[in-house]
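The values are calculated or read from the model by the stated rules, or taken from the named source; none is laboratory data. Computed from a predicted model, the values in this text were never measured in an experiment. Here the Cβ is made from the backbone with ideal geometry for all residues, glycine too, and neighbour counts use every protein chain on show.
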Amino acid sequence: MTTEQIVKRIAVLLAILAIAAVGATPAVAQNASREASVQDGFEAVQCTSDVPRALIGKRMKNERVVVIEARHADIGLKDLGAYEVSDRMTSITWHMCGGDFMLLQDGASVVRNVLLLPPHEHSQMAFMMACQVNGQSETGIFVALLGKDTGYNPNAPDTTFYPAEAAWKIDVGRADFLKLPGKGVYCATISRSGGR
């Protein structure tokens, strides 16, 4: 056993003992031991609190997804896919705490913004899109939810536009999701990302 492993085990035990001394619940003790053991960006997430706030500003650890998912099984963490928005911004979608969250990460793997996608059925997907709003073409990269009754065909050419139930434009410079109006938004597929 290495010195680093011994130190980590001692830190976990001390965290558990400190929490137990003040009468904490087992869930709090489990979260404290998780925080003490590995800093991977998800350590502060609790399903009873503001998930986006817990993630924004965190540096995400670059390791195998199955390892991260297993470490955070208590929040139901599951990777749903990623998309390179630009040479300095990546969108990664994770399912956790019963919802789908799209994270914007910069080149240093720091989470700059988080979007909680509205509830959508398994046949609906979140997509990166090119969109038209009220017949006017919009430039940029978009995230949209297409309903199962839109006639969406994943094999159709990128020029086929489908009505979006909800859509956001990604502002790379500000690392922001800009909500598009609910009606009159049609989007064409660039790549699938983040659906279940």
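Run down 63, 4 and say which single residue is more than 28 Å from residue 169 (Cβ to Cβ) and either at pLDDT below 60 or of a type in the set (A, V, I, L, M) (or both).
Unique residue meeting the criteria: 4.
Scan the stretch 137-160 for residues that are modelled with pLDDT under 80 and not hydroxyl-bearing (Ser, Thr, Tyr) and report the count.
Number satisfying all stated conditions: 11.
Can you find even one residue in the stretch 77-84 that is farther than 23 Å from residue 177 by Cβ and touching a helix residue (DSSP H, G or I) at 6+ places or on another chain (Cβ under 8 Å)?
no
Condition first: surrounded by fewer than 18 Cβ atoms within 10 Å (Cβ to Cβ), over 21 Å from residue 115 (Cα atoms) and at pLDDT below 70. Can you find one or more residues in the stretch 167-185 that meet it?
no
Of 45, 51, 110, 114, which residue is in contact with a Pro (Cβ under 6 Å, 6 or more places away or on another chain), at pLDDT 95 or above and surrounded by 14 or more Cβ atoms within 10 Å (Cβ to Cβ)?
114
Taking the condition of being farther than 20 Å from residue 107 by Cβ and basic (Lys, Arg), how many residues in the stretch 56-94 meet it? Please lay out each step first, then the result.
To start, the set of residues in the stretch 56-94 that are farther than 20 Å from residue 107 by Cβ comprises 64, 66-67, 69-78, 80.
Checking which are basic (Lys, Arg) leaves us with 64, 71, 78.
Within the stretch 56-94, residues that are farther than 20 Å from residue 107 by Cβ and basic (Lys, Arg) number 3.
What single numbered condition from (1) closer than 22 Å to residue 164 by Cα; (2) in a helix (DSSP H, G or I) fails to hold for residue 100?
Checking residue 100 against (1) closer than 22 Å to residue 164 by Cα; (2) in a helix (DSSP H, G or I), the one that fails is (2).
Please tell me if residue 21 is surrounded by 18 or more Cβ atoms within 10 Å (Cβ to Cβ), at pLDDT below 95 and either over 30 Å from residue 189 (Cβ atoms) or not hydrophobic (A, V, I, L, M, F, W, C) (or both).
Against the criterion (surrounded by 18 or more Cβ atoms within 10 Å (Cβ to Cβ), at pLDDT below 95 and either over 30 Å from residue 189 (Cβ atoms) or not hydrophobic (A, V, I, L, M, F, W, C) (or both)), residue 21 does not qualify.
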